[in-house]
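The values are calculated or read from the model by the stated rules, or taken from the named source; none is laboratory data. Every value quoted in this text rests on a predicted model; they were computed, and no experiment measured them. Positions of Cβ are backbone-derived with ideal geometry, glycine not excepted, and every protein chain shown enters the neighbour counts. Accessible surface areas use protein heavy atoms only, side chains included; no ligands, DNA or RNA. Shrake-Rupley method; radii C 1.70, N 1.55, O 1.52, S 1.80 Å.
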Amino acid sequence: MASFLLTFPSSSPTPRLSEANPITRSSREPFTRYSIVRASPSPSMASFLCMYPSSSPTPRLFKANPLRGSSRKPFTRISCSSDSSSAKATTSSKNRRPAEENIREEAARRDHANPNNGHGLSAWYVPFGAQEDSEERYSLDEIVYRSQSGGLLDVRHDFSALKKFPGSYWRSLFDSRVGRTTWPYGSGVWSKKEWVLPEIDGDDIVSLFEGNSNLFWAERFGKDYLGMNDLWVKHCGISHTGSFKDLGMTVLVSQVNRLRRRLKRPIVGVGCASTGDTSAALSAYCAAARIPAIVFLPADRISVAQLVQPIANGATVLSLDTDFDGCMRLIREVTAEFPIYLANSLNSLRLEGQKTAAIEILQQFDWEVPDWVVVPGGNLGNIYAFYKGFEMCRDLGLVDRVPRLVCAQAANANPLYLYYKAGWTGFQPITASPTFASAIQIGDPVSIDRAVFAIQSTDGIVEEATEEELMDAMAQADRTGMFACPHTGVALAALIKLRDSGVIGPHDRTVVVSTAHGLKFTQAKVDYHSKEIVDMTCRYANPPVNVKADFGSVMDILKKKLAGML
C-alpha cells in the first residue's frame, strides 16, 4: 500500500504531490496519474490522500485535511488511475502530425522551424591519412573519388564543432532516437546524422530505416564450441536487402539524390561492380529514389538470390565474363567517361554509413566496449569503417577505448592475410580463387591501406579460413540456431583458431560481425548437407533420411537418432 498527499492552492493550476506514507514498490509497477479539473474557484487550499494497493488498478481517495471554506463552493474533482493510457492518448492527439502530412513533410516543417545544423557541423573529403593541416580538401558536393596523388579519400568531420558537446550529450541523443519513426532518425544510420552527413537536408535523404540490427548472445555456439560465455553476433544481414551494404548505400544514394535534385548535377545514374550484395543494396535504394542503377556482375559467380535482387529492383544488370576485379576495372573506366556516379567502396561516403554499426554495438552494450570484434574482409572497407566508428566514439568521449579488431579472410582470397604474415612488407595483389564466401572473393582490394591502418591502430590481427573450415563453422553455427552465411563462417572459423591458440580468452567479450543473411546462400548449404562438395568431408552434414511411410520404419529411424536420450 502506498499513499500520496495531493495539495494545491486555489491560485495555482498545478498541484503539489508528496508521498505521505511511502512503502517499497517495484520499479516495474506503473506510476499513478493524477488529473485535476476545476469547475469554479475552489477553497483556498484543499488536500486529499490518494491511496492504492499495488494489486489494484483503482486507487482509493480520502479527504485528508479539509480546510475551512464555504460548503457552497464546489470541491475540485480529482481522478486517479494506475496506467497511462489516457495520458498517452492526450499526448498522441496533441502531437500527432496532420493527417494530410507525411513524416518527411513533418520533418521539413520541424527543421524549418529549428534548423537541424544550427551547431555548424560539417564534413569534407581529404586524402586518406592526410595531416590535420592538409590543404587538399574537397566538398562532399564534388564528384571526386581519388586524391591528387591517386590515393584514397576519407570523409573528415569538424571535430572542433563536435567536441563542443560532451560524450554524454551524444550518447543521450543517439539513444533517444532508437526505435522511433521520426524522419529520418528511425534509421540506425541517420539516428547518427550529425556524425554521417551533417549538412544534408532531411528531404534529400533516401532511407529504408536500415540499421538497428540485432546483436544477439551466441550462448550455445560459445559454450559448445569455444568455451566462451560472452560471445555475441552483430547480425548486419538482418536488413532490407539482407546485408550490411544497406548501411553505406543509404548515405551514398542520399548524397546523389542531393546532387541531382538540389544542386542539379547531370548524373544519369549510379553504378557499381559487385559480387552480389552491393548490387542488391544499390538497386534497392536507387529504386526508392527513382534513380537509374547500373550493375556489373561477374558471370556465374554469385548466388541466384543475389542475382535476382537487382533484377527485381529494375536495375540494368550486365553479367560479364570476368571476376570482380575485372568488373571493378570496367566500372571505373565507364564512370570516368560517362556521368554515372561510382558506388563501390572506393567511394568513402559508404563507409560513413557502415561505421554506424560500430556505434550501434556500443549502444547495445550500454556504451561498454567489447574486447574483440571479428569482421570478414574482402574489399576491406568494412574493417576500416568499424575502426572509424569506434575511434570516433573514443575521440569524442563516449567511451574510453576501442576494441581489438580481427579481419577474417577466406584462404582463397587472402591478400591482407599474406601481407600481415609478411610483417606488412611488400604487398602484392593476388588472383582470388573461387570461394563459398563469394562476396569477399577479391584479390586486389581497393581499401588495403584503410584496412592496414585499422588493424595497426587497434593492435589487431588478420586470420584466414580454408573452404572446409568456413563451411564447417557455418554448419556448426546453424546447429545452434544462427543460419549463418559463408562470410560469417569465415569470421567464426577465424575465431575458433584464435580461441584454440589462446589469443582470445574464454571470458573476453567478443563480437562476430555477420555481414549477410544465410537465406542468400541456400545452395551452398544444400551442397554441404548433401555432401556434394568435392574434396570436402562435410562432417556436420545433416541430410534428410529417406524412409518408408509406415510406423515401424519411422520408429526404427527415430530410435537410432534418439538413442541415449530416451
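Along the stretch 341-358 the Karplus relation, 6.51 cos²θ - 1.76 cosθ + 1.60 evaluated at θ = phi - 60°, assigns HN-Hα couplings of 7, 7, 10, 6, 5, 3, 6, 6, 4, 4, 5, 5, x, 5, 5, 5, 5, 5 Hz to successive residues, with x for each Gly and Pro. Relative intensity of the stretch 247-306 on a log10 scale, I(q)/I(0) at q = 0.12, 0.21, 0.28, 0.29 Å⁻¹, equals -0.30, -0.78, -1.17, -1.22, per a Debye sum over C-alpha point scatterers of equal strength in the absence of solvent. Only lysines eight or more places from residue 192 in sequence, or on another chain, were considered; those with a Cα closer than 25 Å are 163, 164, 234, 245, 355, 388. Close amide-amide hydrogen proximity is noted between residue 291 and no other residue 5 or more places distant or on a separate chain, at a cut-off under 5 Å (H modeled in the peptide plane; Pro and chain starts excluded).
Among the trypsin sites (Lys or Arg not before Pro) in the stretch 367-430, those located in a DSSP loop and surrounded by at most 14 other Cβ atoms within 10 Å of their own Cβ are 401.
How much length, in nm to one decimal, is gained on full extension between residue 110 and residue 334, taken as 0.36 nm per residue of separation minus their Cα-Cα distance?
Working: separation 224, 0.36 × 224 = 80.64 nm, distance 4.10 nm.
Result: 76.5 nm gained on full extension.
Sequentially through the stretch 475-492, phi angles give Karplus couplings (6.51, -1.76, 1.60; θ = phi - 60°) of 5, 4, 4, 4, 5, 9, x, 6, 6, 7, 8, x, 5, 5, x, 4, 5, 5 Hz, Gly and Pro residues having no value and appearing as x.
Projecting label points 7 angstrom from Cα along Cα→Cβ for residue 143 and residue 182 puts them 3.6 nm apart. Accessible area of residue 466 (1.4 Å probe, protein heavy atoms only, ligands and nucleic acids ignored): about 60 Å². Here the 3J(HN,Hα) profile of the stretch 252-257, calculated from phi with Karplus coefficients 6.51, -1.76 and 1.60 at θ = phi - 60°, is 4, 5, 4, 5, 4, 4 Hz, Gly and Pro shown as x. Summarising the amide proton neighbourhood of residue 269: residues at separation of 5 or more, or on other chains, whose placed amide H is nearer than 5 Å comprise 341. Counting other Cβ atoms within 10 Å, keep those with at most 13, restrict to DSSP loop, and tell me which GluC sites (Glu not before Pro) in the stretch 301-399 are left. Here the GluC sites (Glu not before Pro) that fit, given the DSSP loop and packing criteria, are 368.
Projected label points at residue 316 and residue 456, each 7 Å from Cα along the beta carbon direction, are separated by 4.1 nanometres.
For the stretch 264-411, the Kirkwood hydrodynamic radius comes to 16.8 Å, computed from all pairs of different C-alpha atoms.
Report in % the part of the accessible area of the stretch 219-286 that belongs to carbon and sulfur, leaving out ligands and nucleic acids; probe 1.4 Å.
Details: 940 of 1970 Å².
C and S atoms contribute 48 percent here.
Extent of the stretch 491-566 along its three principal axes (Cα atoms, max minus min coordinate, largest first): 52, 32, 25 Å.
Normalized C-alpha radius of gyration of the stretch 107-172, against 2.2 N^0.38 Å? Could you put the intermediate results ahead of the total?
Numbers: Rg = 15.2 Å, N = 66, 2.2 N^0.38 = 10.8 Å.
Taking N as the residue count of the stretch 107-172, the ratio is 1.41.
Centroid-to-centroid, using Cα positions, the stretch 251-280 and the stretch 401-425 are 31 Å apart. Calculated FRET efficiency, residue 158 to residue 224, Cβ-Cβ distance, R0 = 51 Å: about 0.60 to the nearest 0.05. Were the residues from residue 122 through residue 424 laid out at 0.36 nm apart, the gain over their Cα-Cα distance would be 105.3 nm. Loop-located trypsin sites (Lys or Arg not before Pro) in the stretch 109-185 (DSSP state other than H, G, I, E, B) with a sparse environment of at most 15 neighbouring Cβ atoms within 10 Å: 137, 163, 164, 180. Amide H contacts of residue 443 (H built 1.01 Å from N, in plane; Pro and chain starts excluded): 325, 432 sit under 5 Å, all sequence-distant by 5 or more or on other chains.
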